[in-house]
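The values are calculated or read from the model by the stated rules, or taken from the named source; none is laboratory data. On a predicted model such as this, the values are computed, not experimentally measured, just so you know. All Cβ positions, even for glycine, are placed from backbone atoms using ideal geometry, and neighbour counts span all protein chains on display.
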Amino acid sequence: MFVSVFCFVLCLVFVLMGVAFYTLYERKGLSYSQRRKGPNKVSLKGLPQPMSDAIKLFMKEYFVPMKAGAVEFMVGPFFMLFLALVMWWPVSFSGNGSMMVFSMIFFLCVSSLGVYSIFLMGWCSNSKYSVFGAMRAVAQVISYEVVIILLIVGPVILSGSFNTIYMSDFGIWFGGVVYLYLLIWFFTCLAETNRSPFDFVEGESELVSGFNVEYGGVGFAMIFMAEYANIIFISLISALLFCGGGSVGGFNIFSSISMLKFIFFILGFMFFVVQARASYPRYRYDLLMNLTWKKFLPLTLGVSMVIFSLM
């Protein structure tokens, strides 16, 4: 039990460090795409910038609006960060081979709870912008989770297990076999994590800042960390399901070659998330809903039926 808890805490430390430097990479990447240098004033060419931002946010006052629900307003960011970190619980066991047997179902259940924290924060903030952002989040997550479940069914059936370690050792290059699956998965993950060009929950040109418009200091920092931890976890799941996981020519996920290949694909997905933000303008909300129900869902069902009929 002590070893399991220690592995989980160590995993969370690495995740939070990854969140810190992923935000720095995003700021640098977006700045170079716009022909500017980005954060470079903090020592070592801006490398400690995430630490400086974190200290600044955590030192600010946690202000609660006058007519907001105080308890819900304060609990919302904690609940959102808790859900983002608890998804890494099965991953922390992978080193000793004792990962949960139904870890993929665990991921789907926990990820579906995230919308409740967003709706709670938007509703209790007593702001029209927050409520509109929360309503958009509920509609968006419910719509795209249907497609995500259908996309996960393919690799699960081919591997014959909900255990992500077994799926990784099975080494299915599902994204290479069915390229359309990987493309739909990528855009669906962008919508699920509220990233550009599908960031309608926080659309600053329409809703100021969406559901988190009233948050600052510690509350905003927790929301920020939860969102980027989700992006890193989605990148890990993407590499696991569609890029062969950690299996390379008979090697399992714990060998050096397979681990390097696995990390390469995770970083690749994280790179394309930033690249999508740098390249595409924000989509229209009604077209986003049409995209999932009228295009992604029929395409996913059609491709799945063809694949499963050939098995």
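Things to note:
- Count - residues of region 179-214 that are more than 20 Å from Tyr280 (Cβ to Cβ) and either touching a Ser or Thr at 6+ places or on another chain (Cβ under 7 Å) or at pLDDT 85 or above (or both): 3
- Residue count for region 292-311 satisfying the condition of being without any contact (Cβ under 8 Å) to a residue 12 or more places away in the chain and of a type in the set (A, V, I, L, M, F, W, C): 3.
- Pick from region 109-130, criterion over 30 Å from Thr300 (Cα atoms) and touching a residue at least 60 places away in the same chain (Cβ under 8 Å), ranking: surrounded by the most Cβ atoms within 10 Å (Cβ to Cβ): Met121
- When we screen Ile307, Ile263 for residues that are surrounded by fewer than 15 Cβ atoms within 10 Å (Cβ to Cβ), assigned to a helix (DSSP H, G or I) and among the β-branched types (Val, Ile, Thr), the only hit is Ile263.
- For region 59-82, the criterion of being assigned to a helix (DSSP H, G or I), of a type outside the set (A, V, I, L, M, F, W, C) and over 30 Å from Tyr116 (Cβ atoms) is met by no residue.
- Restricting Ser4, Ser111, Ser117, Ser43 to residues that are hydroxyl-bearing (Ser, Thr, Tyr), more than 21 Å from Asn194 (Cα to Cα) and in a helix (DSSP H, G or I) narrows the list to Ser4.
- If the condition is being of a type outside the set (A, V, I, L, M) and touching a helix residue (DSSP H, G or I) at 6+ places or on another chain (Cβ under 6 Å), then region 278-303 contributes Thr292, Phe296, Thr300.
- Some residue of region 255-266 being within 20 Å of the chain's Cα centre (by Cα) and either over 27 Å from Trp89 (Cβ atoms) or modelled with pLDDT under 85 (or both): yes
Table: residues versus (1) closer than 23 Å to Ser235 by Cβ; (2) hydrophobic (A, V, I, L, M, F, W, C).
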{"site": "Val3", "(1), (2)": "no, yes"}
{"site": "Phe14", "(1), (2)": "yes, yes"}
{"site": "Met17", "(1), (2)": "yes, yes"}
{"site": "Phe21", "(1), (2)": "yes, yes"}
{"site": "Glu26", "(1), (2)": "yes, no"}
{"site": "Ser31", "(1), (2)": "yes, no"}
{"site": "Arg35", "(1), (2)": "no, no"}
{"site": "Leu44", "(1), (2)": "no, yes"}
{"site": "Asp53", "(1), (2)": "yes, no"}
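- A residue that is at positive phi and buried (at least 17 other Cβ atoms within 10 Å of the Cβ) cannot be found anywhere in region 57-78.
Rundown of residues vs (1) out of contact with any Phe, Trp or Tyr (no Cβ under 8 Å at 6 or more places or on another chain); (2) of a type in the set (D, E, K, R); (3) modelled with pLDDT of 80 or more, yes/no style:
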site	(1), (2), (3)
Ser31	yes, no, yes
Gln34	yes, no, yes
Ser43	yes, no, no
Gln49	yes, no, yes
Ser52	yes, no, yes
Leu57	no, no, yes
Val71	yes, no, yes
Val75	yes, no, yes
Ala84	no, no, yes
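- Residue ID - nearest to Val274 (Cα to Cα), chosen from residues in region 35-70 that are in contact with a helix residue (DSSP H, G or I) (Cβ under 8 Å, 6 or more places away or on another chain) and in contact (Cβ under 8 Å) with a residue 40 or more places away in the chain: Ala54
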